[in-house]
Amino acid sequence: MRYLHTMLRVRNLDAAMKFYVDALGLTEVRRVDNDKAKFTLVFLCADEDEARHQASPGRGAPLVELTYNWDEEKYGEDRYFGHLAYEVDDIYATCERLMKLGITINRPPRDGQMAFVRSPDLHSIEILQKGDALPPQEPWSSMPNTGHW
């Protein structure tokens, strides 16, 4: 398992960028604007990680992901922190092992690419398949979401 990113929700993207880029010195390495779902994702890395990010295809260096939802949303303080993300060699085997340990898979890896679980303190943990998505398979393909993440 390899640490990938931490997602933080932001209310004002310009103010957040001034803080994370101008004040802290992080570098924007990727941006996703999703017109359909009305959100922007901005991925930032520390200067020392920038070369690692550029040298590695896909998910390179540890990042901070700023999530800006275009429609105003009211989050309690506990919802501004989004999730930790980890990359694994086999998402199905990882989720099966977690289930055997009594951990609920809140968002099953139906797509062979992404799953979510929660810590005992209710922190969301995103699990991502390394490389290409695995072919969909049961029981994951038909497993419903449980709770929220």
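The values are calculated or read from the model by the stated rules, or taken from the named source; none is laboratory data. If you're wondering where the values come from, they're calculated on a predicted model, not measured in any experiment. Counting neighbours? That spans all protein chains shown, and the Cβs are built from the backbone with ideal geometry, glycine included.
Please state which of the following conditions His5 fails to meet, knowing it meets all the rest: (1) over 21 Å from Ile125 (Cβ atoms); (2) in contact with a strand residue (DSSP E or B) (Cβ under 7 Å, 6 or more places away or on another chain).
Single failed check for His5: (1).
Taking strands (runs of 3 or more DSSP E) that do not extend beyond the range 1-47, which have at least 3 residues that are surrounded by fewer than 14 Cβ atoms within 10 Å (Cβ to Cβ)?
27-34
Which residues, taken from the range 116-131, are in a loop (DSSP other than H, G, I, E, B) and either of a type in the set (Phe, Trp, Tyr) or within 16 Å of the chain's Cα centre (by Cα) (or both)?
Ser119, Leu122, His123, Lys130, Gly131
Kindly indicate which of Ala15, Ala85, Ala61 is among the aliphatic types (A, V, I, L, M) and under 22 Å from Asn145 (Cα atoms).
Result of the check over Ala15, Ala85, Ala61: Ala85.
How many residues does the range 28-48 contain that are more than 15 Å from the chain's Cα centre (by Cα) and touching a residue at least 24 places away in the same chain (Cβ under 8 Å)?
2
Can you tell me which residue among Thr104, Thr94 is out of contact with any Lys or Arg (no Cβ under 6 Å at 6 or more places or on another chain), crowded, with 18+ Cβ neighbours inside 10 Å, modelled with pLDDT of 90 or more and outside the structural domain of Tyr20 (by TED's automatic domain parsing)?
Going through Thr104, Thr94 in turn, just one is out of contact with any Lys or Arg (no Cβ under 6 Å at 6 or more places or on another chain), crowded, with 18+ Cβ neighbours inside 10 Å, modelled with pLDDT of 90 or more and outside the structural domain of Tyr20 (by TED's automatic domain parsing): Thr94.
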